[in-house]
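Please read the structure below before turning to the comments.
The values are calculated or read from the model by the stated rules, or taken from the named source; none is laboratory data. Because the structure is predicted, anything quoted here is derived from the model rather than measured. All Cβ positions, glycine included, derive from the backbone under ideal geometry; neighbour counts span all protein chains shown.
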Amino acid sequence: MTDTTSIKHPTPLTSGDFTAADEPLALFAEWFAEAVKTEPNDPNAMALSTVDANGLPDVRMVLMKGYDANGFVFYSHIASQKGRELAANPKAALLFHWKSLRRQVRIRGPVAPVADAEADAYFATRPKQAQIGAWASKQSEPLESRFAFEQAIAKVAAQHLIGEVPRPPGWSGWRIVPLRFEFWHDRPFRLHDRIEFSRDSSGRAWSKTRLYP
């Protein structure tokens, strides 16, 4: 199970009825705190959706590594498929689905790279083997065999037997700035609760709408 104790997040709400919330970030913090306690694996896993040059959607699971009022952060290779798509069209959608709680949260908004210092600080917290893997992997590129990848890992590991492993120049992070949240909670007979929060741009006040299930 992924260690989520280092993820920074705001103070959760204490209200029992999520439909009474008037702002999305504290509500997300409450739901995420509960997910950390109940989900058997990776409560910080989220589906990340992007689009390619032809407008065809792509989706994959990534791990959220931090969130606050500025947005939701994840890390990967800049030259990966997701990295290339975000460079061409810096907008994305996220989905958290916590099956144990029968809840999901959808988030949409623009995307921007994190600062180098922020990426360096996070990379330094990764296990050394994961740091080595980031250097050895040419993410999303064709791989002739698993053995070739293991050879690349061994070569990088030999170069960093002692000391810290620096962050690869082609590896960094992105921050999705939410302009829309939708909170969904399962109810009997598919009479689910859905609450949407939206705003025109970062820093603006949130508007709230209740949606039909």
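Among the conditions (1) in contact with a strand residue (DSSP E or B) (Cβ under 9 Å, 6 or more places away or on another chain); (2) of a type in the set (Lys, Arg); (3) in a helix (DSSP H, G or I), Lys138 misses just one, which is (3).
One line per residue, one yes/no per condition, for (1) more than 19 Å from the chain's Cα centre (by Cα); (2) among the hydrophobic types (A, V, I, L, M, F, W, C):
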position	(1), (2)
Pro90	no, no
Ala93	no, yes
Gln104	no, no
Glu118	no, no
Glu141	yes, no
Arg146	yes, no
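Would you confirm whether or not the stretch 55-69 contains a residue that is part of a helix (DSSP H, G or I), among the aromatic types (Phe, Trp, Tyr) and not assigned by TED's automatic domain parsing to the domain that holds Glu141? No, the stretch 55-69 contains no residue that is part of a helix (DSSP H, G or I), among the aromatic types (Phe, Trp, Tyr) and not assigned by TED's automatic domain parsing to the domain that holds Glu141.
State the number of residues belonging to the stretch 35-76 that are within 17 Å of Pro113 (Cβ to Cβ) and in contact with a strand residue (DSSP E or B) (Cβ under 9 Å, 6 or more places away or on another chain). Explain how you work it out, then say what you get.
Here is the first cut: in the stretch 35-76, the ones within 17 Å of Pro113 (Cβ to Cβ) are 48, 50, 62, 64-68, 70-76.
Next, from what is left, pick out any that are in contact with a strand residue (DSSP E or B) (Cβ under 9 Å, 6 or more places away or on another chain): 48, 50, 62, 64-67, 70-76.
Here the count works out to 14.
Residues in the stretch 200-213 that are outside any strand (DSSP E or B) and not aromatic (Phe, Trp, Tyr) were compared, and the one that is farthest from the chain's Cα centre (by Cα) is Pro213. Is at least one residue of the stretch 199-213 modelled with pLDDT of 95 or more, touching an Asp or Glu at 6+ places or on another chain (Cβ under 9 Å), of a type in the set (Gly, Ala, Ser) and surrounded by 12 or more Cβ atoms within 10 Å (Cβ to Cβ)? There is no residue in the stretch 199-213 that is modelled with pLDDT of 95 or more, touching an Asp or Glu at 6+ places or on another chain (Cβ under 9 Å), of a type in the set (Gly, Ala, Ser) and surrounded by 12 or more Cβ atoms within 10 Å (Cβ to Cβ).
The residues of the stretch 1-32 that are in contact with a Lys or Arg (Cβ under 9 Å, 6 or more places away or on another chain), among the aliphatic types (A, V, I, L, M) and at pLDDT below 85 amount to a single one, Ile7.
Name the residue that is nearest to Asp120 (Cα to Cα), counting only residues in the stretch 145-199 that are of a type in the set (Phe, Trp, Tyr) and either outside any helix (DSSP H, G or I) or outside the structural domain of Leu63 (by TED's automatic domain parsing) (or both). Before the answer, list the steps.
So in the stretch 145-199, the residues of a type in the set (Phe, Trp, Tyr) come out as 147, 149, 171, 174, 181, 183-184, 189, 197.
Next, only the ones that are either outside any helix (DSSP H, G or I) or outside the structural domain of Leu63 (by TED's automatic domain parsing) (or both) stay: 147, 149, 171, 174, 181, 183-184, 197.
Values: Phe147: 29, Phe149: 24, Trp171: 10, Trp174: 13, Phe181: 29, Phe183: 33, Trp184: 35, Phe197: 33 Å.
In this case the residue turns out to be Trp171.
A Cβ distance below 7 Å, combined with a sequence gap of six or more or placement on separate chains, defines the contacts here; from the stretch 194-213, residues that are free of Cβ contacts under 8 Å to residues at least 12 places away in the same chain and farther than 14 Å from Leu27 by Cβ reach residues that are surrounded by 12 or more Cβ atoms within 10 Å (Cβ to Cβ) and of a type in the set (Ser, Thr, Tyr) in the pairs Ser207/Ser198.
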